[in-house]
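The values are calculated or read from the model by the stated rules, or taken from the named source; none is laboratory data. Not measured: the values here are computed from a predicted model. Note: ideal-geometry Cβ built from the backbone for every residue, glycine included; neighbour counts use all protein chains shown. Just so you know, the surface numbers come from the protein's heavy atoms only, side chains and all, with ligands and any DNA or RNA stripped out. Shrake-Rupley method; radii C 1.70, N 1.55, O 1.52, S 1.80 Å.
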Amino acid sequence: MDGPQILIIDDDEQLCKFLDQCVSSWGMTAQIIRNPLLVADEIQKNFYNLILLDVFMPDINGMDLLPRIAELSPASKVVIMTGYPDKEIAIKALRVGAVDFLEKPFTVHLFSHVVKRVLDTQRVELGYKRVHEELQRSQEELVSRTLQLETLNGKLTATNASLLAEIAERRQAEEDLRHSQTRLLNLAMHLQDRQEEERQHIAREFHDEMGQGLTILKMDVAWLAKRLRTLPQAWQDRLAAMTTQIDGLVRTVRRISTALRPEILDDLGLTAAIEWQLEEVKQRTSLAYTLLLPTQEVVVEPMCATAVFRIFQEALTNVLRHAEATAVTVRVTQDPEALLLEVVDNGKGISPDRLANGTALGLLNMRERAQLWDGDVAIQGEQGVGTTVTVRMPCGFSGMKGTS
Amino acid sequence: MTIRIFVADDHAELREGVKRIAEDTEDLRVTGEASTGQEVVEQMVNQAWDVVLLDITMPGQSGLEVLHHLTQTYPSLPVLMFSVHSEPRYAAQAFKAGAAGYLTKDSSEELVGALRQVAQGGRYVSSALAEYLDL
């Protein structure tokens, strides 16, 4: 039932029928109740837009029903119907919740007017109420959305903060890493220095003590030899052999202590030390050499010179051990940027997999030493032709040659 | 004529060895010895020697310091350095400080000749060192 629902409460049967017909003719439906005691239940069961109430009925005063109706169905509009022209009753009714009154007898015209007016008012009220409710809903939604946005914003701020914290952490970790690397480098350099120092110390002590002892021994043997000239030749030969043995030991002592720490490096500089080393190797192994030096004297800071010399020794050792070469060419050049050392042999050429094997100790050593000084070592091999080791060291210049 | 030699070295056996070598010659005799630089300086005031054989590494004053003192105080007294060190740098420094000669201990067979040469006013350097020092 779409149209407005009207409830007619009156004990006058004829009137009710009449009113019902009017209402029906307008396309509305009406319900009739003649017993006021049934009203409460009825209006709880069904909703009525308009309730027409007779205030004078037996058993119950219609006026008493008004508050009850207002309580049970506050949205229903009540129009009372009175029998006498009693303004008092009308005003009282309006005060208790009725919206209008009809004095019996009333015309159809008046009836229609009142009904329509009440229903229109109701419609407007309803419309207004709906708009108000919608507005409120919108407002609530707005508040809810705002709250959501704030929560989201809060989350974003928190995420942002934690991201910034993470970035800071990463930066710190990077810096710590850099520090560690620097300290590692420093440690490596320090260890190299210590190593050289220790070698120097051992070399010196070994050399000096052995040297003294052997000198004395030699002197004594010479003294004996002089006094024992009358001895059989065999005995004299033995003494001569002792002298030779001692000389050999002296040479050995010198060789070992120099190998530990070549003084010539400190005294005469890098190029002299390289030449000395090549000469010494040639005496031992017959490896021929060509040494190419620049016309201008090579000037290198002492500690760097030691590093270059050690790398050179390593390279030379490799030639002797693996290259199966007969000759080696060593070239030293120096430009304002760096010192260049080239060791080229005519051996079988280093194999690619030996080169790739990063853990081959000799190669690793050379590279590590070079790295400590920001230098680098490059190795190239050609099968059957030879191997070239190129060392590049940005050695600082001190203007002094091999000072201690 | 006897050449009087003063031997300064902290190794007693070495001093003995030099004595024995000298005794085997006609002209060389060791008549004084010391084991520290201080003793050298103290005894040298007697001025009773023709040549000093001085070890470069002695406890206390270094051989070079003693050498310097000797050449300053007794300019006409020749000093022959005797050392285990065959580093050219030591020899160069010794000559600079006024030494008449530098002999390495592994060339001890040259000792007699070196002493004679230096005592007679000449200079001496171990053959092994000669090329390094451009002498």
Quiz item: Suppose R0 equals 35 Å; then what is the FRET efficiency for A:Lys116 and A:Ser138 from their Cβ-Cβ distance, rounded to the nearest 0.05?
Solution: 0.60
Quiz item: Of B:Gly98, B:Gly63, B:Gly121, which is the most mobile in a GNM of chain B whose springs link Cα atoms less than 10 angstrom apart?
Solution: B:Gly121
Quiz item: Accessible area per residue, 1.4 Å probe, Å², for the range A:333-392: what's the number?
Solution: 54 Å²
Quiz item: Could you give the length gained on full extension between A:Met303 and A:Lys87, defined as 0.36 nm per residue of separation minus the Cα-Cα distance, in nm?
Solution: 65.2 nm
Quiz item: In debye, nearest 20: dipole of the range A:1-152 around its Cα centre with unit charges on the Cβ of K, R (+) and D, E (-)?
Solution: 340 debye
Practice problem: Report the longest stretch of chain A that contains none of the GluC sites (Glu not before Pro) sitting in a DSSP loop with at most 12 other Cβ atoms within 10 Å. | Solution: A:1-296
Quiz item: GNM, chain A, Cα, under 10 Å: largest mean-square fluctuation among A:Ala259, A:Ala234, A:Ala338?
Solution: A:Ala234
Self-check item: Accessible area per residue in Å² at 1.4 Å probe, computed on the range A:174-293
Solution: 62 Å²
Self-check item: Listed residues A:Leu94, A:Ile69, B:Leu80: farthest to the positive end of the dipole of the protein assembly as shown (Cβ charges)
Solution: B:Leu80
Exercise. Assuming a ≥ b ≥ c are the square roots of the Cα gyration tensor eigenvalues, decide whether the range B:1-84 counts as rounded (a/c under 1.5), prolate (otherwise, with a/b larger than b/c) or oblate.
Key: oblate
Quiz item: Where nothing but the Cβ of Lys and Arg (+1) and of Asp and Glu (-1) is charged, how large is the charge dipole of chain A around its Cα centre, in debye to the nearest 20?
Solution: 1900 debye
Quiz prompt | Chain lengthening between A:Leu364 and A:Ala240 when straightened (0.36 nm per residue, less Cα-Cα) | solution = 39.9 nm
Quiz item: Rounded, prolate or oblate: which fits chain A, taking a ≥ b ≥ c as square roots of the Cα gyration tensor eigenvalues, rounded meaning a/c under 1.5, else prolate when a/b beats b/c?
Solution: prolate
Exercise. With r as the distance between the Cβ atoms of B:Asp24 and B:His69 and R0 = 22 Å, compute the FRET efficiency 1/(1 + (r/R0)^6) and round to 0.05.
Key: 0.10
Quiz item: Label points 7 Å out from Cα along the Cβ direction at A:Ser25 and A:Asp335: separation in nm?
Solution: 12.1 nm
Exercise. Label the range A:204-295 by shape, choosing from rounded, prolate and oblate, from the square roots a ≥ b ≥ c of the eigenvalues of the Cα gyration tensor; if a/c is under 1.5 it is rounded, and otherwise prolate applies when a/b is larger than b/c, oblate when it is not.
Key: prolate
Quiz item: Round to a whole number: what % of the accessible area of the protein assembly as shown belongs to carbon and sulfur, probe 1.4 Å?
Solution: 53 percent
Quiz item: In deg cm²/dmol and to the nearest 500, what is the mean residue ellipticity at 222 nm of chain A if only DSSP H runs of at least 4 residues count, each as -39500 (n - 2.57), divided by the residue total?
Solution: -21000 deg cm²/dmol
Quiz item: If each of A:Thr146 and A:His179 carries a label point 7 Å out from its Cα toward its Cβ, how far apart are those two points in nm?
Solution: 4.9 nm
Quiz item: What average count of beta carbons from other chains do you get within 10 Å of the Cβ of residues in A:204-212?
Solution: 3
Quiz item: Within the range A:62-201, how many lysine pairs that are 8 or more places apart, or on different chains, have C-alpha atoms less than 17 Å apart?
Solution: 4
Quiz prompt | For chain B, accessible area per residue (1.4 Å probe, heavy atoms of protein chains only), Å² | solution = 43 Å²
Quiz item: Once the Cβ-Cβ distance between B:Glu42 and A:Ala161 is put in as r, and R0 is 60 Å, what FRET efficiency do you end up with, to the nearest 0.05?
Solution: 0.15
Quiz item: What is the distance, in nm, between label points placed 7 Å from the Cα along the Cα-to-Cβ direction at A:Met189 and at B:Ser62?
Solution: 2.7 nm
Quiz item: So which cysteines of the protein assembly as shown have no other cysteine's Cβ under 4.7 Å from theirs?
Solution: A:Cys16, A:Cys22
Self-check item: Candidates A:Met393, A:Met210, A:Met57: whichever shows maximal mean-square fluctuation once chain A is modelled as a Gaussian network with Cα springs under 10 Å
Solution: A:Met57
Quiz item: Using protein heavy atoms only (no ligands, DNA or RNA), what is the total accessible area buried between B and A, 1.4 Å probe, nearest 100 Å²?
Solution: 2000 Å²
Practice problem: Grab the Cα-Cα distance for A:Glu197 and A:Thr295, subtract it from 0.36 nm times how many residues apart they are, and report the gain in nm with one decimal. | Solution: 32.1 nm
Exercise. Taking the Cα centre of the range A:72-209 as origin, work out the dipole magnitude from +1 charges on Lys and Arg Cβ and -1 charges on Asp and Glu Cβ, in debye rounded to 20.
Key: 2040 debye
